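The structure under discussion appears below in the form of structure tokens.
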Amino acid sequence: MILIMRLSTQAQQKLSLQLSTSNSLDQGLDEIHMIAEEYAEKTTSPEFLKEVRRFFLANNNRKFFSKDMPASDFLKVDSAMTEKVIKLAIDRHKNEFRDSGFPYMAHVLSAGFLLARLGFSKEIVYSAILHDSFEDSGDKNKILNELHAISPAVAWYVYSVSGTDTRDAVEKDLMLLEKINQFSELSGSVFPKAIKCADGIANLYDVEFMQSRDGRNAQERRLRFINQTENEVLPFAREVDTAGVIRVKNKGEVFSLEEYAKDTIDFKLSLIQGG
């Protein structure tokens, strides 16, 4: 006889939400990369901007989230600014490509999408889209002024997750984690940590395509990044879960960012190890 454990109603709700939300996040990441791949060398074209804007607005609307979520938090209420933010990111990352061959734009848009689809306010979504616009940039004052023109909050959050311009990767990572912790304490929120989580999860999308660099072969870089994501992103994701800032439609339902990150890490590790 096979015994099937009957889940409580609460457990069923949580599992249902976890699966449906995880699937929508996975599908959204795929769509972003397909759009970016389609336009490839033409990521600065008006058509690409229009496609990306459509995608973000479609994935950030009231039907997904709690009725208690203020209308002012949605991207749609400030669609002109949403377009401006996406365009700024496109201009910042034009002609940049990842080891996988995807335009770098796909990465920053993925980070923004993850938070948009989880119901974070537009300022946090904008910060995620622009999270790589300040770090390693030439004219930092110019970039900071552009970010401030969007919103002082966006400038602050982007700066909070931007690493220092140091060549030592290990030192840079440690300094950035300390900075994110400090800025989270200053703001009294987990939002810098949520942006870092979105960045880390988005980075996992094509981690299996990493190539040899900085004295490490391809496999060493891939495994190092997986390990780094486990050590850095999972604790932050746990804090985001605990803070209860992810908006869900029905009371009593809980989506776990930590579980989603764990599943993504496990899947990518199986690909890298050939399992």
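A compact table of results
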read-out	value
Kirkwood-based Rg to Rh ratio, the stretch 67-161, C-alpha trace	0.97
Linear extension gain, ASP263 paired with LEU19, 0.36 nm per residue minus alpha-carbon span	86.7 nm
Sequence ranges 222-229, 157-164, 115-122, ranked by mean other-Cβ count within 10 angstrom, highest first	115-122, 157-164, 222-229
Mean ellipticity per residue at 222 nm, deg cm²/dmol - from DSSP H runs of n ≥ 4 across the chain, formula -39500 (n - 2.57)	-21000 deg cm²/dmol
Segment ASN217-SER189, extension gain: residue separation times 0.36 nm, minus the distance between their alpha carbons	6.3 nm
Peptides 231-238, 102-109, 144-151 ordered by average Cβ neighbours within 10 Å, highest first	102-109, 231-238, 144-151
3J(HN,Hα) from dihedral phi, the stretch 121-135, Karplus parametrisation 6.51/-1.76/1.60, rounded to Hz, x for glycine, proline	5, 4, 4, 6, 5, 4, 5, 5, 4, 9, 4, 9, 7, 9, 4
Cα convex hull volume per residue for the stretch 16-272 (Å³)	121
Among 31-39, 256-264, the order from most to least packed when residues are scored by Cβ within 10 Å on average	256-264, 31-39
Top of VAL77, VAL190, VAL52 by mean-square fluctuation, Gaussian network on the chain, Cα under 10 Å	VAL77
Contour excess over end-to-end distance, with Cα ends at ASN95 and VAL77 and 0.36 nm allotted per residue	3.4 nm
Cα-Cα over 18 Å, subset of LYS76/LYS140; LYS67/LYS193; LYS76/LYS122	LYS76/LYS140; LYS67/LYS193
Max mean-square fluctuation residue, GNM over the chain, Cα-Cα springs under 10 Å, options GLY215, GLY28, GLY101	GLY215
Built amide H within the under 5 Å cut-off of PHE97, gap 5+	TYR104
Cα gyration tensor shape of the stretch 108-258, rounded if a/c is under 1.5, else prolate or oblate by comparing a/b with b/c	oblate
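A short reminder: the numbers here are calculations on the coordinates, not readings from a lab. A quick note: this is a predicted structure, and the numbers were derived from the prediction, not measured. Quick reminder, even Gly has a Cβ in these numbers, built from the backbone with ideal geometry, and neighbours come from all protein chains shown.
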